[in-house]
Each structure stands twice: as C-alpha cells, then as structure tokens.
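Undergrad: Once you've had a glance at the structure underneath, I'll fire off some questions.
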Amino acid sequence: MSTDDPTTLIRALHDLRALVRDEARDADRLAALSERVTSRLIRHRLFRLWIPRRYDGLELALCDALSIYHAAARIDGSLGWAVMIGAGGGSFAAFLEPESAREIFGPEAAVIAGSGAPDGRAERVPGGYRVRGRWRYASGAPYATTFTANCIVTSGGEPVRDANGEPLMRAMAFPRSDVEIVETWDAAGMRATASHDFVVEDAFVPEARSFSVLKDPPKEPGPLYRLPFQVLTELPLTAVALGIARQALDEFAGLAAAKRPYGARGVLAEDATAGATFARAHAEWRLAHSGMFRLAERAWAAAADGQELTAAERAEITAVCAHAVASVRRATAELVAMAGMTGIDRGSALARAGLDLATLAAHFSVSPRQLTGAGGALLAAREDQV
C-alpha cells in the first residue's frame, strides 16, 4: 500500500494520538502545537493533501481529504484544524504560475498560513506590487513557510475597479522573511492552532506570486481545482466540526461508563436522561456526517465530469454545512452539561471539545448567517421549477 494512501495517512494520525493527547494541556497553554507534532505532520505529508501531483503533492479526492480531516479532529480539535488549514492552502498552487508554485510548494516542509480578509493594500508597480497590511487569524503561523493574504489592488493610491465596479481583490504570497508574526491568539477553544496576526510592511510581490481563487482559472486540470472555493472551505470546516463532535461522543461514552454522579446509585451510563442525551447527540452526528459526504460525492462527480455546480447545489452545500455545525455544537454542549464538573475541567478532552466546537462555529463560512443567502438561492431555484 502506498504511503500516500488515505488509509495509511489516517493510520499515521492514529499513531499521533497519544502524543497529541499527552501534550494537549501544554499546547493549550502555549497556544501552539509542539514541534514534535508538526514535524510528524510534515513527515507524513499531511500538509500536502491538496498540492498538485506535479509539485510532489497528493492531490487527494475531496471525500478522501474530508475523511482525514475528520480523523484528525476526532483526536483533537486543534490538530484537525491544523491539518485542514495547512492542507487546504496547497490548492493555491493550482492558481499560481508553475515556476512560483514549485518554489513555494516543492519543499517537503511547505505549509501555507494566511487570511482571506482583504486587509492589505497592493500598489501596482512595474513587475508586481508593493504590499502592506495586517491580517488576523493565520492558523499555523509558527511553522508556515509562506503566508498568503488578500489585498485591495491600488494604482496611485486609489483602488482599481473590476468589471463590476467593485474594488479589485487579489491574494499575495509572501515568503516568511517578509512577515512579522504578532502573537495575538487567545481564544476560548482551538487554542493550539496558533491563529496569530501577521504584518507586512512595504514588501515587493512579483505578479507571478499573486492570484485569485475566485476569478483566475486554475492552471491544473484535476477536478479538485475545478470545485468552487466556497465548497473547498465549507465542507472541510464541517468535516473538522464533525470530527470534534465524534471525539465528544467518544469521551462521553468513556466517562459515562466510569463516573458515578453525586447522589446516584449507578454510573452515568445507567441514567435514562444521560442515555437519551447521548442518543440525540449521536443521531445529530450521524445525520450530519452522512449528509456532508453525500453532498461531497455529488460535488466531486460534477467536477470530474467537467460540470459546474448550479447556484442551488452550492446553496445546498452552504445550508447543510451551516446547519450541521450548529446542530452538533448544540448536541455536544448538552453532553458537556450532562458531564457535570468534568465538563468544565480544562484538562478534560470533553470540555475541550465543547470549547473547540464553539470556536469553530464562529467562523464566517459556517455561520448561521450563511443560511440567509442560501435560503434565497434555494427558494429562487424552486420558483424556477414552477
């Protein structure tokens, strides 16, 4: 079996479980995964899942990658997020000029960190751009080799407009030497993701190191790179959320078999209310898990056939992902409450899972606010069918 086979990659994650769990308290305190963990992620090529094959990437199919994100998050939320973000950045290689893509993604230790918010300014100059800005939430900043960030393109200090009259936005790729990391990450959950701010001051970015995943056609032929960026964001985020929810189910089951609640005659597993709570949480996870993979399979089949997803199909993915994250977050919160004082112990994996899910659910891509636009698109599609 190839070392790049998804089953082998998941086995490599399982081999990391004891180390990640042993270091979890220190990782939360330091707001970063240890070098021992990140070096093993690099060695097992878990940050190369979506780098094109011609740059020595794995270019995994969508569902295979989602399974890996889920497996990593089932071990630890921050680990799942780190793998998902680090691997997801590999897809940017498909939008860069080949020479630049090879320079950035060819090295074995290549990892992308960055931000999608257009919080920088890129002034057009001969051969490229002069860039400055400060961006937030660059997960994996301590071990990233390249940072990417969206900028508003300017000329003479004024925003350049696109064909629709909107300010032109492009992503810029910076070598680590151009970046100052500002250690700001201090969230309630996902603490070990090291999602710090970073600053760039008057750096030159060649045109060949700028790109747009929203506007530029991919330079790679694989179906992965034909999928909308929205799909490659929402489904992976949901896979991580479902992995954390599954971790919470695992932890609660172990706790329920051993913990005798105050005043109870038996262990928590014998309590009818605890059993019903666990059943609801399991059902929410199972339904969300099945729904996510069915949509992922459909999206992959369309891309493989060279077809674009319709507005309604994209809206359905958005709606299902937002709803799935909200539902497993609520279900996990009920498990945490049922656990009593264990649910507030920062050393408890169950408590950490609850905080991790609450933090993930704050991400814009899976926010309940996404349901508004998705609902409008789905209603419009039904009206077209009348």
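Read-outs: derived from the displayed coordinates by stated rules, not from any lab. Given the structure is predicted, the values throughout are model-derived calculations rather than measurements. As a convention, Cβ positions derive from the backbone with ideal geometry for all residues, glycine included, and neighbour counts pool all protein chains shown.
Undergrad: Please state the relative contact order of region 177-297 as a whole percent: Cα pairs under 8 Å, 6+ residues apart?
TA: Once normalised by length, the contact order is 16 percent.
Undergrad: Provide W81, W50, W285 in ascending order of the number of other Cβ atoms located within 10 Å of each residue's Cβ, fewest first.
TA: Fewest-to-most ranking of W81, W50, W285: W285, W50, W81.
Undergrad: Inverting the mean 1/r over all pairs of different Cα atoms, compute the Kirkwood radius of region 6-94 and quote it in Å.
TA: Computed over region 6-94, the radius equals 13.0 Å.
Undergrad: Taking the Cα-to-Cβ direction at D15 and at I344 and moving 7 Å from each Cα, how far apart do the two end points lie in nm?
TA: In this crude spin-label approximation the distance works out to 4.2 nm.
Undergrad: If you find the alpha carbon centre of region 1-64 and of region 332-374, how far apart are they in angstrom?
TA: Here the two parts' Cα centres lie 23 Å apart.
Undergrad: Of I75, A93, Q230, whose Cα points farthest to the positive end of the dipole of the chain (charges on the beta-carbon: +1 Lys, Arg; -1 Asp, Glu; origin at the Cα centre)?
TA: The residue sitting most towards the positive pole is I75.
Undergrad: Something else about it: For V125, what residues show an amide H to amide H distance below 5 Å, using hydrogens built from the backbone and excluding near sequence neighbours?
TA: HN-HN under 5 Å from V125: R130.
Undergrad: Additional query: Could you compute the longest span of the chain free of trypsin sites (Lys or Arg not before Pro) located in DSSP loops and having at most 15 other Cβ atoms within 10 Å, not counting the site residues?
TA: 1-214
Undergrad: Relative to the present Cα-Cα distance, how much length would full extension add between A301 and R382 at 0.36 nm per residue of separation?
TA: This chain segment gains 26.9 nm when fully extended.
Undergrad: So which GluC sites (Glu not before Pro) in region 56-109 pass both tests, a DSSP loop state and at most 11 other Cβ atoms within 10 Å of the Cβ?
TA: Filter output for region 56-109: E108.
Undergrad: Can you compute 3J(HN,Hα) from phi for each residue in region 304-309, using the Karplus curve 6.51 cos²θ - 1.76 cosθ + 1.60 with θ = phi - 60°, rounded to whole Hz and x for Gly and Pro?
TA: Ordered by residue, 3J(HN,Hα) equals 5, 8, x, 9, 8, 5 Hz.
Undergrad: When only Cα pairs under 8 Å and 6 or more residues apart are kept, what is the percent relative contact order across region 110-211?
TA: 33
Undergrad: Follow-up question, since we're still on this one. Over region 6-94, what is the mean sequence separation of C-alpha contacts under 8 Å (at least six apart), divided by residue count, expressed as relative contact order in percent?
TA: Answer for region 6-94 is 34 percent.
Undergrad: Fewest first, what order do C63, C321, C151 take by the number of other Cβ atoms within 10 Å?
TA: Ascending number of Cβ neighbours within 10 Å: C63, C151, C321.
Undergrad: Hey, if you put +1 on the Cβ of every Lys and Arg and -1 on every Asp and Glu Cβ in region 180-293, which of F293, P218, A274 ends up farthest toward the positive end of that dipole?
TA: Of the listed residues, the answer is A274.
Undergrad: A further question on this structure: How large is the dipole of the chain about the Cα centre if only Lys and Arg carry +1 and Asp and Glu carry -1, each at its Cβ, rounded to the nearest 20 debye?
TA: 720
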